[in-house]
1. Would you work out the relative contact order for the stretch 78-161, in percent, from Cα pairs under 8 angstrom that are 6 or more residues apart?
2. Just to verify a number: what accessible area does ILE639 come out at with the full protein assembly present, 1.4 Å probe, Å² rounded to tens?
3. Starting from the amide H of LEU181, placed 1.01 Å from N in the peptide plane, find each other amide H under 5 Å away whose residue is 5 or more places distant or on another chain.
4. Using Cα pairs under 8 angstrom and six or more residues apart, how large is the relative contact order of the chain, in percent?
5. Work out how much length ASP507 to THR199 would gain on full extension: take 0.36 nm times their residue separation and subtract the Cα-Cα distance, in nm to one decimal.
6. With Cβ to Cβ distances under 15 Å as the rule, what net charge do the other residues near SER248 carry (K, R +1; D, E -1)?
7. How much length would be gained if the chain were fully extended between ALA329 and ASN2, taking 0.36 nm per residue of separation minus their Cα-Cα distance, in nm to one decimal?
8. What is the magnitude of the charge dipole of the stretch 423-526 about its Cα centre, with +1 placed on the Cβ of each Lys and Arg, -1 on the Cβ of each Asp and Glu, and no other charges, expressed in debye to the nearest 20?
Amino acid sequence: MNLTFRVRFVTHPGQSLWLSGSHPLPAHPLPMAFRDHETWQVSLPLAPEAAGSNFIYSYILQNPDGSQTTDFGRNRRLTPKDFNCSELLIIDSWNQPGFTENAFYTEPFKKVLLAGNLTPVKTSKPENPAHTFEVKAPLLKKNQTLCLLGEGPALGHWNTKSPVLLSRNASEDYFSVSMDLRAQTFPFAYKYGVFDVGTKSFVGYESGADRRLNEPVMRNQHTLIRDGFAALPADIWRGAGVAVPVFSLRSKNGFGVGEFLDLKLLADWGKSVGLKLIQLLPVNDTSATHTWIDSYPYAAISAFALHPIYLNLDTVTDVSNTRLLAELASERERLNELEDLDYEAVMKAKLDFLKKIFPSQRSATFNQSEYKKFFNLNREWLVPYATFCHLRDKYDTADFSQWPEHQKYDTKKITPIIENNPEVEFLYFVQFHLHRQLQEASAYIHAVGLVLKGDIAIGVSRHGSDTWQQPELFHLDLQAGAPPDPFAAKGQNWGFPTYNWPRMAADGFAWWKRRFAQMEKYFDAFRIDHILGFFRIWSSPSHAVEGILGYFVPALPVEPHEFPARGILFDHDRLTKPFIDDEVLEEIFGEAADDVRREFLDPTGDETYALKPQFGTQRQVEDYFAGLKTGTPGEKLKIGLFDLVSNVILFDIGGKFHFRFAMEHTSSFKRLPPDQQARLRELYVDYFFRRQDTFWMREAMQKLPALKRVTDMLICGEDLGLVPACVPEVMHDLGFLSLEIQRMPKVLGQEFSRPANAPYLSVVTPSTHDMSTIREWWMEDTAQTQKFYNQELGRSGKAPTDDDPRMVEAVISQHLASPAMWSIFQLQDLFGMDGGLRRKDPSGERINVPANPHHYWRYRIHLPLEQLPKETAFNSRLRSLLVEHAR
């Protein structure tokens, strides 16, 4: 048998196309030959025994600079023997990952949102067909199918009353029909159309020019025409969702915190009002310190383990232990009545109880086939995670570098620890039940017609099982964060280690692929937290406390020769070390300047000072002032010393230089001569906004396409902050949904973005967990609110000065009317439309304050989920808004 692959793709000089795939194709890509201005082709013989193999193939575009683009051909499957011929010609269309239609072949749409639209259609197959047509159309309505019309008798001479109908199997993405075109005159024109099988009527043609088929029927040849997507509107589906952390949910029988099974109650309410999605924050275990500090959901000690706090005890407990559970009733009631989450008390109560019941339930659980399957599938991360937790508790610290032994993960050395160790097995027990309950919640959400969206944090805890097990995947000497922005003037230092991307690439990003596979067990879509980290990550040295001392990694640095080339007088110490003189000290410390001179500084002899060696870094300063409370005189002194440490212009990293962000605002820069300021400013702009863009695009394209190809989940990127110019292009090309926030416009000079201008492949939202809610924001800055009222809401006169529910509804309506695929709202913002339902104090609705690295994540909704369906006025209004805007 001979296979010929032909793909329609217009290339530019220097580009080439290659065929890649699994058996029976060769393992390496095959070069294709240029056939004409719009097609490339390659032929290969196929041994008879291989013709029955089912394989997947794709096409690769090789660019002159060596970069590659792989078409989104994950669903190109082929079993050659099915076509009963000696010559099989496959005519393909290139599938760019960014095509809008690809979004509808992701899990949320295939499994749930569009699954009910499939209409079975009976079609007849000729005895000896010579052609098969395949094409995709994801947004057909119930009772609709595709049809084929065109020139010639086989295609009915464009007769819309009796077109050739195509059918689709539930297991396939494409509509298909096999035909005998031996009586057809070639070439001929054809098009796809939509046909309603219920009314037996033609709905309409696809848009665009006629398609053409030039290949006549050849002896013993079958032609498979894979036409990509029918040219039908692809930006017409829109949905709305609700965003809420699991810990924020409240139920009548809760334990002071939301649990996975509470999501079923939320889904019931969501279905009743017309929502289609529930979005969560990360749900991984963060138990590093056993204190409220662990409430931060983005500092996971395992990228795979689930957090024990979300476990429902009633479901875990067997009949013999119900008495023990009943003994917790008073504590349970106390915790559940609290306005906010008491993280430490809830964790203690739950873990203490689980440890009590584990010995009696161990055997019954571990003998289940379901448990054995879970353990075998998750052993790779589960054993190291459980061992890590055991050693964390044994040595009373998660910092494995401080452990007296087992500082490095060694399978042979930990085997004696884990064998028949009840403390380790207890963690297997807890993770199994968490897995079970989250899968149960996910299945229920699907059953009622909603989908579940998760959140992949950009980092993991420095002291966690991932870094312990595979330290080579991380840069443990650096700290990830974000550069300064309006929400955090000194930047953010999250404390996470950064990724060793070259090492991750060496094994094909195996750790990330396992992470995605873990998410797929529970979620249909996910948000990539800080997707900019795949382009470059803001990295601070280990001695930094504030994010202001960070710089982008990787980045093209300033080379030493660039300074004299631009006429900059390069004084290494003056530009790279803190600039401190009497004026700077008076400006920062005022009356305390003399005390600072005596205790923390050494004079240099030229009317400037240097920090004493024991106070040379922010970390040293922080250690010196450890234990001070915010707002005390000592705390203010500490922050002032932080400012001295960061009063630099350049960072010297191995003899090459990176600019400190916001260099112009430093006293060091302001004291330079005007001509030197101008030249440094020009180089600064080149460093941050010119030289890096192509470099960062290549960095992202080495990672993100490979990761997209391994998951069917819908991917949304949190593309906020200082966004490189290349990011929107990469996101568009890969079909990632962007995040559009009204208060964080991406266009320079704009005060607000407009939901009406959002791209289709995006999520619009008025606020996130890192921001104030709509009603709290409305009262923060009356001048800004007035401008928003007049310019964005289009209303005249004076804006309401209170948190008027009508203004909240107006903002939500703007987002529902957006052309974006998804509008997603914090549950608090939806409550904000109803003056009688919402919480009295809007400040109590805030989930996180990014500028505070020690924020306590403890917000809970103020009414039980069981009450929500009974709020008829609120539900009716929300349902009406969703219908009004066709969400």
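1. 22
2. Spelled out: ILE639, probe radius 1.4 Å, area about 60 Å².
3. ALA130, HIS131
4. RCO, the chain: 12 percent.
5. Computed gain between ASP507 and THR199 is 105.4 nm.
6. Cβ neighbours under 15 Å give a net charge of -3.
7. Gain in length upon complete extension: 110.5 nm.
8. 160
The values are calculated or read from the model by the stated rules, or taken from the named source; none is laboratory data. Computed from a predicted structure; not experimentally measured. FYI the Cβ positions are ideal-geometry reconstructions off the backbone, even for glycines, and counts take in every protein chain you see. What goes into the accessible areas is simple: the full protein's heavy atoms, side chains included, and nothing from ligands, DNA or RNA. Shrake-Rupley method; radii C 1.70, N 1.55, O 1.52, S 1.80 Å.
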